[in-house]
Each structure stands twice: as C-alpha cells, then as structure tokens.
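The values are calculated or read from the model by the stated rules, or taken from the named source; none is laboratory data. Please read these numbers as outputs of a predicted model, since none were measured by experiment. Every residue, glycine among them, receives a Cβ derived from its backbone with ideal geometry; neighbour counts consider all protein chains shown.
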Amino acid sequence: MAKVKTGLSKKLLTRVLSVYFILTLIVTVGQILTEYLNAKNHIESELQTLKNTFSVSLTRAIWELNNPQAESIAEGLMELPIIEGVQIRDENGVYIADMGVTSDQPAQMYTTGVMQDHPGGTFGYSFPLIFEFSGRTSHVGDVTLYSSAGIIFGRIEVGVFFLIGNAIIKTAFLVFLFLNAFRQMLTDPLEELTQQISEFDVDRPESSKLHLHIDDDNELKLLQVSYNELIDDLVDYKQKLRTARNELTDANRKLDDQNILLEQEVAKKTASLSKIMLDLEQQKDELIVNQRELRQENENRQYIEDELRKRNKELAESMETLKMAKDQLVESERMASLGGLVAGIAHDVNTPLGVGVTAASFLQERLSNLQTAYDEKSLTGKTMTSFLSEAHQTSDLLLGNLNRASELISSFKQVAVDQTSEAIRDVDLKLYVQEVIQSLAPSFKKTNHKINVECPDNLVVKCAPGAIAQIFTNMIMNSLIHGLDEKENGHITVNISLDNDDVVVEYADDGKGLTPENLERHFDAFFTTKRGKGGSGLGTHIMYNLVTQTLDGKITASSEEGKGLSYEIRFPINS
C-alpha cells in the first residue's frame with residue numbers, strides 16, 4: 001500500500017499552528033510596540049517635570065549672567081539617567097551650554113514648551129526661560145533636554161524579554177499539547193485503521209474486521225462498527241450466493257436485493273462522512289470566532305491604554321495648576337508679612353507724630369500769648385523767662401518725637417524696599433539686622449520678650465538684602481507666634497560670625513520647641529501647628545528656599561520639646 005504524502009492530521013495541525021503562530025507574533029509585536037510608546041511617554045513626562053525642578057534657579061542664573069552656575073546646572077542634568085544631552089541658550093540665541101548628544105536648534109527662540117523628535121533616534125523637550133521682576137516678565141533664554149531610544153529600550157528591556165519568553169513558552173506548550181492530542185486522537189487511530197484495511201483478505205473477509213484501540217465513542221469508532229457490519233453483510237452475502245448457486249433466478253433476485261442493501265449501506269457511510277466533514281467545518285467556525293474575540297480584546301486593551309494616557313495628561317495639568325497656586329500662596333505670604341509690618345509701623349509712628357502735633361500746638365499758643373503781651377506793652381521779664389523755658393522744653397519734646405518717627409520710617413522704608421526687590425548690593429549685616437528688628441518692634445510692644453544680637457562690626461556681605469530681611473522676619477515672627485506664645489518673658493539670641501568666607505548665623509529661642517515628628521516636617525510647604533488659627537505653613541518653607549537658592553547656603557533646625565528652637569544658617573559672604 002502506498003504511503004500518503006501529506007496526512008490529514010498533519011495538514012490540519014499545520015494550519016492550526018500556523019494561525020496561532022501568526023496571531024502570537026502579531027500580539028507580541030503589538031505589546032512590545034505599546035511598551036516602547038508607554039516608556040517614551042513616561043520619559044517625555046519626566047523631561048517636562050524636570051522643568052519645574054530647575055527652571056527657577058537656571059532662569060535666575062542667566063538673568064544674573066552667572067554662566068558658570070548655568071553650566072553647573074547643565075552638568076547636574078547630564079547626570080540624570082534619562083538625559084542624553086542639554087542645550088542652554090541666552091536671549092540672543094548664544095549657547096551657554098551644549099553637552100552630550102544634541103541637534104542644531106532654529107535661530108528663533110522657543111516661547112512655549114515643545115516636544116519634538118530629532119535625527120539619530122533622539123527626541124527632546126524645549127521650553128523658554130521666563131524671569132519675573134517687579135510684576136514684569138522677561139524672556140532670558142531657552143533650554144532643550146534630549147533623550148534617546150536607547151534609554152527607552154533600556155527601560156523596557158526586561159519587559160520585552162518577558163513578553164518574548166512568555167510567547168515562546170506558551171507556543172511550545174501549545175505545540176506539544178496539539179502534537180500529543182492529534183497523535184493520540186487522530187494520527188495513530190488513522191494509521192491503525194489504514195493498516196488493517198490494507199490487510200483485507202477477499203477470501204477470508206470475516207478475519208478482516210477492524211479492531212481499533214479506541215476508548216472514546218467518536219467518529220472513528222462509528223466507522224469501525226460500520227465497516228465491521230459491512231464485512232458481516234459481505235460474509236452473509238457470499239453464504240447466500242453459494243446456497244443459491246443452483247437457483248440462478250433466486251440468486252439473481254437476491255443479488256439485486258443485496259445490491260440495494262449495499263447501496264443503502266454506502267449511503268449511510270456517505271452520510272456519516274458528511275457528518276464528520278460538518279463537524280470539522282464547525283470547528284473551523286469556532287476558531288474564526290475565537291480569532292474575532294481575540295481581536296476585540298486587543299481593541300479593548302488599546303482603548304484602556306488611551307484612557308490611561310488621557311488620565312496621565314490630566315494629572316500633569318493638575319500638577320502644573322497646583323504649582324501655580326503654591327507660587328501665588330508664597331507671594332501672598334510675603335505680601336501679608338509686609339502688610340503686618342506696615343500696620344505695626346503705622347501705629348508706632350502715629351504716637352510720636354501725635355505728641356509732636358500737641359507740642360507744636362502748645363508752642364503756638366504760648367507764642368500767641370507772648371505776641372499779645374508784646375502788643376499790649378505788658379511784656380515782663382518773668383513772662384519772657386517763663387516763655388523761653390517752656391519753649392525749650394516743647395522744642396526738645398517736639399524734636400525728640402520727630403527724630404523717633406524719622407528713625408522708624410527710615411528703618412521701615414529700607415526693609416520694605418528690600419523685601420519687594422531682589423537686587424544685590426553690599427549690606428552691613430549688623431546694622432541691617434538691627435533695622436529689621438526695629439521694624440518688627442510693634443510686634444513685641446505688648447510683650448516682655450528680649451532680643452539679643454551679637455555681630456562683628458563692619459561685617460559687609462554682598463547679597464540680596466530682601467532675602468536677609470525675609471529670613472530674620474520669618475524666624476522672629478515664628479518664635480513670637482509659635483514658640484513664645486505661652487510665655488511672658490522670652491529670650492531670643494542671634495549670634496553672627498564669620499567662618500573663612502562663610503557667614504554663620506546661630507539663632508535660638510527659649511520657647512516650647514518642637515516634637516521630633518514636627519521637626520522632620522518643619523521646612524515642608526503648608527505644614528503648620530496653627531492650622532485653622534491663621535497659620536499658612538509657608539513661612540519656614542520660604543525661609544528654606546531663600547537660604548538654599550537666593551543665598552546659595554544651608555540651613556538646619558534643631559529642637560527639643562520644652563527647650564526652644566534653634567537654627568544654624570551658613571551662606572557665602574558673596575552670594
């Protein structure tokens with residue numbers, strides 16, 4: 001018997017596995033592409049987030065023409081894993097820093113944040129640097145941060161290997177399962193059926209019955225039964241043919257009957273085979289349905305990914321809004337501090353001015369009386385002596401109160417101007433700190449608290465004095481409101497010294513102090529122990545930013561509950 005070139009089971013298995021391999025390949029490639037796009041979107045979001053981290057300090061450095069600091073910031077950015085290159089330009093398009101893998105930029109400066117791809121598998125985020133000064137904005141330059149496809153592949157490398165390995169394992173398991181199932185349920189039974197049919201003996205048909213090892217009641221079992229019945233019929237037919245050999249007429253009639261029976265049996269077998277083909281067609285339809293369901297599942301997953309990407313974008317917009325609200329609260333805190341200073345100074349200036357007005361009125365009245373006596377020629381030496389004595393006393397009182405008001409206004413004017421300006425100038429630290437404390441005198445007027453300042457004479461620092469005023473104002477008001485609010489006779493000590501080229505400020509009060517938990521969050525934005533009682537939680541946060549960013553220094557706080565709070569501030573003498 002000739003062997004079949006392409007078996008039915010092999011052909012069916014090849015088609016099923018081919019469809020599965022193609023679907024697996026498409027799904028795996030789609031998942032890898034999705035991982036790549038997600039990783040790229042995350043990196044682009046991180047590049048945009050970096051803008052909020054360093055743009056303020058970089059803008060200030062370019063505005064102050066501090067190119068070394070700008071280059072230092074660029075070098076710090078190059079240390080980040082997602083950064084391949086950094087370009088920083090000033091307002092004239094001149095490159096201040098051009099590091100790493102970069103591309104040529106257009107001559108026109110960027111006015112808004114732009115994400116764009118570049119040759120060589122790189123992509124970058126470009127955004128302008130805007131400096132705000134006295135309510136006006138100035139475009140001082142722009143920045144471009146570069147990343148690359150290599151960084152993206154580095155992030156998704158493990159995920160890609162996992163997807164490929166998962167697909168390989170599932171495919172291998174499915175191939176093994178299909179091979180084993182087809183061999184046991186189709187290939188082996190068909191080979192056994194073919195072998196037994198090929199051994200059919202025409203002379204001994206009863207010994208040619210099929211004996212297949214099939215436990216399930218399936219189509220092959222039905223085919224075996226039908227074939228064996230056909231053999232039995234064939235044996236009966238031959239027996240009848242021998243019996244009726246001498247009866248030709250009956251034999252011919254019976255032969256016709258047997259032919260009819262044989263046709264019926266063939267029709268039955270044909271119907272059985274048709275049923276088998278219909279079952280195979282139904283299985284094919286089921287595979288098509290499964291394929292459609294898998295396609296629908298992929299579309300659902302794509303929809304979910306689009307929704308997640310939309311939510312991420314909304315979250316980024318919310319973070320930007322929160323940042324703007326925070327900046328507005330910081331500015332409001334500074335204006336509120338200045339407003340409180342104005343109210344206190346106005347009250348203290350009003351007292352000496354009122355005394356001065358009273359003294360001037362008294363002196364005017366005495367001059368009027370003297371003029372009357374002179375006109376009436378009743379002016380005596382005693383009257384003149386009394387007038388001169390009262391005039392001296394009144395002028396001394398008037399001059400003293402006017403000088404006191406002048407000193408208060410001068411201190412307030414210098415401190416107020418410095419708090420609203422970020423200009424850098426030379427400052428005599430001892431005199432300036434005393435002016436700040438004098439401007440805060442109205443806040444201590446109704447208390448018995450004492451402030452002791454120790455500072456070397458002629459200690460001149462070059463910095464933005466507004467930062468110094470804001471820092472000392474926040475420290476002193478923080479002690480007054482939070483540390484000494486339950487104490488009648490509090491003490492605040494300020495010790496200022498020079499350590500090489502660094503100014504060291506040691507500040508301490510003897511208030512109630514902080515718990516370890518509150519000390520850890522002392523410099524956090526919006527953290528306050530007076531929540532709901534007027535505290536905004538921005539005072540110490542502003543103070544921390546002024547020391548570390550404006551003065552380029554360091555600040556540490558230490559405290560024990562019941563033993564007061566102390567700060568150590570260290571910043572360069574030329575910041």
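On the given criteria, is Ser9 closer than 30 Å to Leu294 by Cα and at pLDDT below 85?
In short, yes.
In region 432-469, which residue that is closer than 21 Å to Gly564 by Cα and modelled with pLDDT of 85 or more is surrounded by the most Cβ atoms within 10 Å (Cβ to Cβ)?
By that ranking, first place goes to His449.
Just for strands (runs of 3 or more DSSP E) wholly inside region 41-142: which have at least 2 residues that are under 28 Å from Arg309 (Cα atoms) and in contact with a Leu (Cβ under 9 Å, 6 or more places away or on another chain)?
85-90, 122-133
Inspect all residues belonging to region 347-357 and state whether any of them is surrounded by 12 or more Cβ atoms within 10 Å (Cβ to Cβ), farther than 28 Å from Ser443 by Cβ, touching a helix residue (DSSP H, G or I) at 6+ places or on another chain (Cβ under 6 Å) and modelled with pLDDT of 65 or more.
no
Scan region 491-528 residue by residue and report those that are at pLDDT 90 or above, of a type in the set (A, V, I, L, M) and crowded, with 16+ Cβ neighbours inside 10 Å.
Passing the criteria: Ile492, Val494, Ile496, Val503, Val505, Ala508.
Could you check, for region 216-236, whether at least one of its residues is in contact with a Phe, Trp or Tyr (Cβ under 6 Å, 6 or more places away or on another chain) and assigned to a helix (DSSP H, G or I)?
Looking through region 216-236, none of the residues is in contact with a Phe, Trp or Tyr (Cβ under 6 Å, 6 or more places away or on another chain) and assigned to a helix (DSSP H, G or I).
In region 480-516, which residue that is in contact (Cβ under 8 Å) with a residue 60 or more places away in the chain and of a type in the set (D, E, K, R) is farthest from Val453 (Cα to Cα)?
Filtering region 480-516 for residues that are in contact (Cβ under 8 Å) with a residue 60 or more places away in the chain and of a type in the set (D, E, K, R), the one farthest from Val453 (Cα to Cα) comes out as Asp501.
Name every residue in region 197-214 that is of a type outside the set (Val, Ile, Thr) and either at pLDDT 75 or above or part of a loop (DSSP other than H, G, I, E, B) (or both), in order of residue number. If you could, list the steps in order and put the result at the bottom.
Taking region 197-214 first, the residues of a type outside the set (Val, Ile, Thr) are 198-201, 203-213.
Passing the criteria: Ser198, Glu199, Phe200, Asp201, Asp203, Arg204, Lys209, Leu210, His211, Leu212, His213.
Are any residues in region 133-174 within 24 Å of Val94 (Cβ to Cβ) and loosely packed, with under 12 Cβ neighbours inside 10 Å, and if so, which ones?
Listed by number, the residues that qualify are Phe133, Arg136, Thr137.
What is the number of the single condition among (1) over 23 Å from Lys10 (Cα atoms); (2) free of Cβ contacts under 8 Å to residues at least 24 places away in the same chain that Ser226 does not meet?
For Ser226, the failing item is (2).
Does any residue of region 202-213 turn out to be under 30 Å from Lys10 (Cα atoms), within 60 Å of the chain's Cα centre (by Cα) and surrounded by 12 or more Cβ atoms within 10 Å (Cβ to Cβ)?
Checking region 202-213: not a single residue is under 30 Å from Lys10 (Cα atoms), within 60 Å of the chain's Cα centre (by Cα) and surrounded by 12 or more Cβ atoms within 10 Å (Cβ to Cβ).
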